[in-house]
Structures are given as C-alpha cells and as structure tokens.
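Working notes for the structure below.
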Amino acid sequence: MNQNVSRKGFKGFKGYEGRIGSPFYPLNPSRDNPSVDRKSDRMRFDFETGRRTLRGMIVKKLLHTRMRVNDLERTVKFYEQALGLTVARRHTSPRGAQLAFLATPNSEEEIEICQLPNSPSVQVQPDLMHLAFEVDDLAGFAADLEKKGFKLSDGPTKSGSGSVIAFIDAPEGYEVELIQRVK
C-alpha cells in the first residue's frame, strides 16, 4: 500500500484527512476494490497508487505523431523504401499544409509527415526526438538497408535489457531507432 494511504484515508492532501464523504476520502474504503467511487462522481481515487484522477479527462489512445519536414516527397520515400511503411492517405490541411499519413505495421498509430509552405525551414536539433521500431533480426534488417543504399548511423549496440539497438538517420535530421528485443 502506498505510504500516503492508510485505512483511515488519504494523508497526502492537507485538510482532507478524516473528512468522510470528501472527494479524497471514501465512504467505504476497501482493499479489495482499489478504485473506489467518491460521493462526487467526477473524482476517483486509487488506493494502490495514492493518486486521484478526474473521470472523463483521460485520453483514449495515441492516433498519430506529426513531424514537420522541408521535403515531403523525399521523407515519404525514405520511410517507404528504408522501413517499408505505406502511405495511408494524403491531403491538404485548412492552413495549406501538405500532409501524408504513414501506416506502421502491427500498429494503429500513424506518422503524420507535414510540409508547411511559406514557413521557416525545419531544423531538427540533435537528440530532439526519434521514432522507434521493433525488428525481428537487426543484423538482417541492417544488411537489407545497406542493399537499398541506407546505412546505420549508430550501433548495433546491446542495451542493459539485452535488446540490441541501432539508429538510422531520416531526412531532415530526424533519427529512427531500430530495436531487436530479447526473445
């Protein structure tokens, strides 16, 4: 049980200790029910983690990640050729941005590639962000990349978990991490 939680109530919020029926103190605490509803149906308190949350204020799932680029076609070509991703759809946004959504295997999330006309050039800072993809055989994948004219920029390196990781540079300076997990 969390150190901020006792059978008498949550101790982490000053002024709420012992107030029966308050949003942070259950009417009927139970160790068998870690998420007990409050009198106020907007609050929920988890006795295992000692955290409170508002209902209805939780996102459902990640839909896409947006990456702005200078050359949409060059970037889309890289992801298609190097990683085997496919374009799910293309369109122009209300602001005039050219968008391409890339589908990733075994995942519902997409990568949104965006080229915004008449805007400053994209300059990606080193280690700002990266995308990570799982591969079954990193050595084989790297060999296939080389045949297609792409080279790893870092690795392969064995991580502390036993996984093997490597990186390839995408256009615009974005990095792509390739991970072969321990089986």
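Points to keep in mind about this one:
- Exceedance of the 29 Å cut-off in Cα-Cα distance is limited, within the set Lys60/Lys148; Lys61/Lys151; Lys61/Lys148; Lys151/Lys183, to Lys60/Lys148; Lys61/Lys151; Lys61/Lys148.
- Full extension of the chain between Leu63 and Glu146 gives 26.7 nm of extra length, using 0.36 nm per residue less the Cα-Cα distance.
- With both labels modelled 7 Å from their Cα along Cα-to-Cβ, the Asp127 to Glu80 distance reads 3.5 nm.
- Where labels lie 7 Å past Cα in the beta-carbon direction, separation of Arg51 and Ser163 in nm: 2.1
None of the figures in this text is laboratory data; all of them are computed from the coordinates on show. What you see is a predicted model, and the numbers here were worked out from it, not measured in a lab. Every residue, glycine as well, gets a Cβ built from its backbone with ideal geometry; the counts of neighbours run over all protein chains shown.
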